[in-house]
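The values are calculated or read from the model by the stated rules, or taken from the named source; none is laboratory data. Keep in mind it's a predicted model, so treat the numbers as computed, not measured. All Cβ positions, glycine included, derive from the backbone under ideal geometry; neighbour counts span all protein chains shown.
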Amino acid sequence: MFKTELRKFYKSKRSSLTNNEIEALSLSLANMVLKLDIWECSNYHIFFPIEKNNEIDTKLIIQVIQGKDKNVILPKLNLENKSFLNFLLTDATLLKENNFGIAEPQSGIQIDESQIEVVFLPLLCFDTQGHRVGYGGGYYDRFLKKCPENTIKIGLSYFESIKKIQDINNKDVKMNFCLTPKKIYEF
């Protein structure tokens, strides 16, 4: 299938999940994160969910990262150049929901992409080769190209992989891992 069809199908599939299902699946994903061998790193980039879109509750993963005494880095959309500004999450970080429904830091300690070691990626679906389908804005692909080559890229998915995404291009950045509530995929 092509990305446009996959987006439509998986948005629909995700919208049918109940709050209880989202909570249980998100907890399973947070437990899967604990099984990864990534804890020698210091700086972990992760997004807050768009709750109205039934996204994975990443607040549970943020608690895991903080429990490991690691740095949580949050993105803030820069709509002018379709990129992210990245901020360290601290007790003093003021969060505000943007127009897309994503809680973002308003200010704080900015972190350069060169310092980010692990990135958790939002997605709608992924394939067995490590490619992902997001919302189609290209924000994460552009962001990942600015990160060090050895940055660990981890997708988070409610659903298991599909065989192949038909229209992958050279702008698409592959993941190293993708987690589902039942399985860790390594690419």
Restricting the stretch 133-150 to residues that are more than 27 Å from residue 28 (Cα to Cα) and among the charged types (D, E, K, R), the residue that is surrounded by the fewest Cβ atoms within 10 Å (Cβ to Cβ): 149
The stretch 49-91 - residue that is at pLDDT below 95, hydrophobic (A, V, I, L, M, F, W, C) and assigned to a loop (DSSP other than H, G, I, E, B) and, of those, surrounded by the fewest Cβ atoms within 10 Å (Cβ to Cβ): 79
Residues within the stretch 12-58 that are under 28 Å from residue 147 (Cα atoms), over 15 Å from the mean Cα position of the chain (by Cα) and among the charged types (D, E, K, R), tallied: 3
Restricting the stretch 156-187 to residues that are of a type in the set (A, V, I, L, M) and in a loop (DSSP other than H, G, I, E, B), the residue that is surrounded by the most Cβ atoms within 10 Å (Cβ to Cβ): 175
Any hit, the stretch 115-132, residues being small (Gly, Ala, Ser), surrounded by 16 or more Cβ atoms within 10 Å (Cβ to Cβ) and modelled with pLDDT of 95 or more: yes
Failed item, numbered, when residue 136 is tested on (1) modelled with pLDDT of 95 or more; (2) more than 17 Å from residue 43 (Cα to Cα): (1)
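Counting only residues that are among the β-branched types (Val, Ile, Thr) and in contact (Cβ under 8 Å) with a residue 24 or more places away in the chain, which one in the stretch 102-128 is nearest to residue 15 (Cα to Cα)?
Going through the qualifying residues, I end up with 102.
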Flag for residue 46 being out of contact with any helix residue (DSSP H, G or I) (no Cβ under 7 Å at 6 or more places or on another chain) and modelled with pLDDT of 95 or more: no
Verdict on residue 153 being basic (Lys, Arg), closer than 25 Å to residue 54 by Cα and either surrounded by 15 or more Cβ atoms within 10 Å (Cβ to Cβ) or modelled with pLDDT of 95 or more (or both): yes
